[in-house]
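What follows is one structure encoded as structure tokens, with my remarks underneath.
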Amino acid sequence: MKLNERSVAFYATCDAPADNAGFLYKKGERNTAYHRRWFVLRGNMLFYFEDRESREPVGVVILEGCTVELCESTEEFAFAIRFDCAKSRTYVLAAESQAAMESWVKALSRASFGYLRLLVRELEKQLEEMQKDLLPEKPSVPICIPAKENGCALWYNSEGPTSLPGGRALSGNSCSSEGSGSPSCFSRLHDSYGREVLELRRAWLEGQKDGGL
């Protein structure tokens, strides 16, 4: 991975609050002695400086694909940052107290984007379950099947059987017992409506004549 040194140095020393910062003892890779360094954690990048007042970091550790675990060491309160790749370096660090060690281990374990992705997925899952619990259940809609009287369908409204024009109620008496689909039933209804339409038309024509006079 290529990093722009100026951008990295600016990010390491910017005024934005760090996720964690403090002195740690870092074990050398060749010289196995421990050296006291100032560490700053920002996002998934762990910077370390010669001292607290340094303006440029002497190194940075990208915390992706790593595990943080306690380790046996001559130095007290020691822990290690290990990577999956066999050729990757293992960083052995030691804090100055038990509380500092626990704080660093927790912060470093949560620093990678991989951890954040898992956290976001878990939160999304919990949100979906909460939304399911909050949504009201859809009420079941009863299926209305019209009653039949003498073979014909009888439809009711809130006030009783549905009425035909002229005040005639649509009931089983309007149809023969042959059934609602029989020709005689439809013929009888057709004749009933037809007569009423003719009467209304005749009355309207008479009214037009009287108005013309």
Which shape class applies to the range 66-107: rounded if a/c is under 1.5, otherwise prolate when a/b exceeds b/c and oblate if not, where a ≥ b ≥ c are the square roots of the Cα gyration tensor eigenvalues?
-> oblate
Determine, from the Cβ-Cβ distance of LYS87 and ALA16 and an R0 of 41 Å, the FRET efficiency 1/(1 + (r/R0)^6), rounded to the nearest 0.05.
-> 0.80
So what are the ³J(HN,Hα) numbers for the range 54-68, from phi and the Karplus equation (6.51, -1.76, 1.60; θ = phi - 60°), rounded to whole Hz, Gly and Pro as x?
-> 5, 9, 10, x, 8, x, 8, 10, 8, 8, 10, x, 10, 10, 10
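Subtract the Cα-Cα distance of THR32 and VAL8 from 0.36 nm times their separation in residues, and report this length gain in nm to one decimal. Write down the numbers at each step before the final one.
Details: separation 24, 0.36 × 24 = 8.64 nm, distance 2.70 nm.
Result for the pair: 5.9 nm of gain on full extension.
Every number in this text was worked out from the coordinates using simple rules, so none of it is lab data. Since the model is a prediction, treat every value here as computed from it, not as a measurement. Cβ coordinates were reconstructed from backbone atoms using ideal geometry, including for glycine residues, and neighbour counts include every protein chain displayed.
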